[in-house]
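Following: one structure in structure tokens, then a few remarks.
Read the figures in this text as sums done on the coordinates, not as results from a lab. Only a predicted model underlies this, so the values are computations on that prediction, with no experimental measurement involved. Backbone-built Cβ (ideal geometry, glycine too); neighbour counts: all protein chains shown.
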Amino acid sequence: MKSILIIGLGRFGHHLCEDLVRLGNEVMVIDKDESALTDLLSIATNAKVGDCMNVEVLKSLGVGNFDICFVCIGSNFQSSLEITSLVKELGAKMVISKASRDIHAKFLLRNGADEVFYPDKDIAERLAVKYSANHIFDYIELVQGYSIFEMLPLSEWSGKTIREADVRVKYHVSIFGIKMNGDLQLLPHADHVMQADEHLMVVGRTEDIERLLAEMR
């Protein structure tokens with residue numbers, strides 16, 4: 001369980017609060033608009049109305065006592081930048097800020113953010129990858145340059161074991177799961193015989209997986 005502060009309660013901030021509470025964390029939320037807090041009063045550990053552009057408001061929150069401070073202000077970049085900087089100056093351990101553009105992310109990282117996230121960009125990229133080809137069913141970027149793809153096997157792999165296909169050596173990726181009829185088998189044995197209609201959970205460098213996918217086009 002972690003102690004978390006969320007500053008700014010747009011749609012993303014609401015979903016973040018709900019999910020963090022569901023996972024057993026203590027969550028405090030703050031927004032200058034009282035109406036934004038209404039539906040979270042029953043689930044958040046604490047809720048407060050206040051303008052975090054005011055340093056005294058931030059001081060009253062004790063930001064240094066939280067494990068993570070999320071700055072989820074997406075509509076006003078200047079406010080997001082100033083609040084991110086103030087939160088860090090007041091001793092926040094970890095500041096994670098929302099960005100809508102690359103240039104915003106650069107400024108946020110230079111002015112106090114430990115990490116930056118792009119919800120709209122991330123969703124758009126995931127949808128683009130997922131729906132650009134019939135043989136890709138899902139995609140998750142783990143960290144910069146590394147991803148998980150849920151995909152069909154290459155036609156030449158069908159009827160072969162993972163060992164026989166020599167996936168790790170030939171393509172520099174690893175198969176860590178097999179999904180069939182909705183059931184997921186993790187860490188399949190090297191003697192598993194791949195079928196044309198099963199879904200492979202493949203992890204590795206994004207560029208290596210993309211080279212693999214290029215052979216399926």
Verdict on Phe77 being surrounded by 18 or more Cβ atoms within 10 Å (Cβ to Cβ) and aromatic (Phe, Trp, Tyr): no
Check on Lys93, more than 21 Å from Arg11 (Cβ to Cβ), touching an Asp or Glu at 6+ places or on another chain (Cβ under 9 Å) and surrounded by 18 or more Cβ atoms within 10 Å (Cβ to Cβ): no
Selection within region 180-195 - part of a loop (DSSP other than H, G, I, E, B) and within 20 Å of Lys160 (Cβ to Cβ): Leu187, Pro188, His189, Ala190, Asp191, His192, Met194, Gln195
Region 8-26: number of residues that are surrounded by 15 or more Cβ atoms within 10 Å (Cβ to Cβ) and either over 12 Å from Thr45 (Cα atoms) or touching a Lys or Arg at 6+ places or on another chain (Cβ under 9 Å) (or both): 10
